[in-house]
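The values are calculated or read from the model by the stated rules, or taken from the named source; none is laboratory data. All figures in this text were calculated on a predicted structure; none of them were measured in a lab. Cβ: placed from backbone, ideal geometry, glycine included. Neighbour counts: every protein chain shown. These accessible areas exclude ligands, DNA and RNA; they are computed on the full protein's heavy atoms, side chains included. Shrake-Rupley method; radii C 1.70, N 1.55, O 1.52, S 1.80 Å.
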Amino acid sequence: MSADETPLLVVEGLTRRFGGLTAVSDFSFTLGRGEILGLIGPNGAGKSTTFNVITGFYRPSEGRILLDGQRIDGLKPERVARLGMVRTFQHESYLSEMTVLDNIVIGLEQFIARTAERAERVADVARRFGLTAVMSEKARNLPHGSQRRLAMAIAAASRPRLLCLDEPLTGLNQTEVNETLGAIKALRAEFGTSVLFVEHNMRAVMSLCERIVVLDAGRKLAEGTPEQVSRNPDVIKAYLGEAA
């Protein structure tokens, strides 16, 4: 297997406990270079916990995580980001009293030192996420859709190797959904960005992702192409509470 064929992200036997509660149990998957992988599951399945462990906000109780062959389990989030994995959150992580421009600049400071290069990158990512016209607005004054796009712009500005998106489409209208999916696809096409995509909008997941992993009660329930997963009786039961 050549270097380009090896997975970018490898998660092996991931387990995370909170006291007597096991939120994620023996969960394993891989994500290829340039792949857009969906991670789905019912509410409470363990998706956000998995995100938090992978990106360094929680330490795993067991298992290991490798990014491009390097173990990252136990590293702090800022170190993980420096290695090329950046995430968004379900709840907004921007600085609400600062402008859109300043939010993106602050997010880039640890990655790009030169002012001119940073300004060029800020302008580029603002254009990609439809924020050019609101750069001088305070983040708190933006409509919800623009706030969601700002969070993604901050994460994508450093052009990470792996962009982890935690329910980025929540509250967006269909036009905003389509524009956001287009921006994600463009990042992959132009920069080879890999994407780990957690989302409840199943139509968007099925259209964007080449492969989907399904979590239920902290364990892997299924894995496959969108077509395979959508027809899996166990997945249908987990979502609908009834047999197919």
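Observations on the model:
- Where residue 117 falls short, out of the listed (1) part of a loop (DSSP other than H, G, I, E, B); (2) modelled with pLDDT under 95; (3) more than 26 Å from residue 208 (Cβ to Cβ): (1)
- In the stretch 202-228, the residue that is surrounded by the most Cβ atoms within 10 Å (Cβ to Cβ) out of those that are more than 17 Å from the chain's Cα centre (by Cα) and touching a residue at least 24 places away in the same chain (Cβ under 8 Å) is 218.
- If you go through the stretch 184-201 and keep only what is modelled with pLDDT of 95 or more, within 17 Å of the chain's Cα centre (by Cα) and more than 21 Å from residue 30 (Cα to Cα), you end up with just 186.
- Residues of the stretch 3-37 satisfying the condition of being closer than 21 Å to residue 84 by Cα, more than 18 Å from the chain's Cα centre (by Cα) and either aromatic (Phe, Trp, Tyr) or in a loop (DSSP other than H, G, I, E, B) (or both): 6
Residue-by-condition table, conditions (1) open to solvent by less than 60 Å² (accessible area, probe 1.4 Å); (2) over 19 Å from residue 180 (Cα atoms); (3) touching a residue at least 40 places away in the same chain (Cβ under 8 Å); (4) in a helix (DSSP H, G or I):
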position	(1), (2), (3), (4)
79	no, yes, no, yes
86	yes, no, yes, no
95	no, yes, yes, no
104	yes, no, yes, yes
126	yes, no, no, yes
130	yes, no, yes, no
147	yes, no, yes, yes
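- Listed conditions (1) over 22 Å from residue 8 (Cα atoms); (2) surrounded by 18 or more Cβ atoms within 10 Å (Cβ to Cβ) are all met by residue 171, apart from (2).
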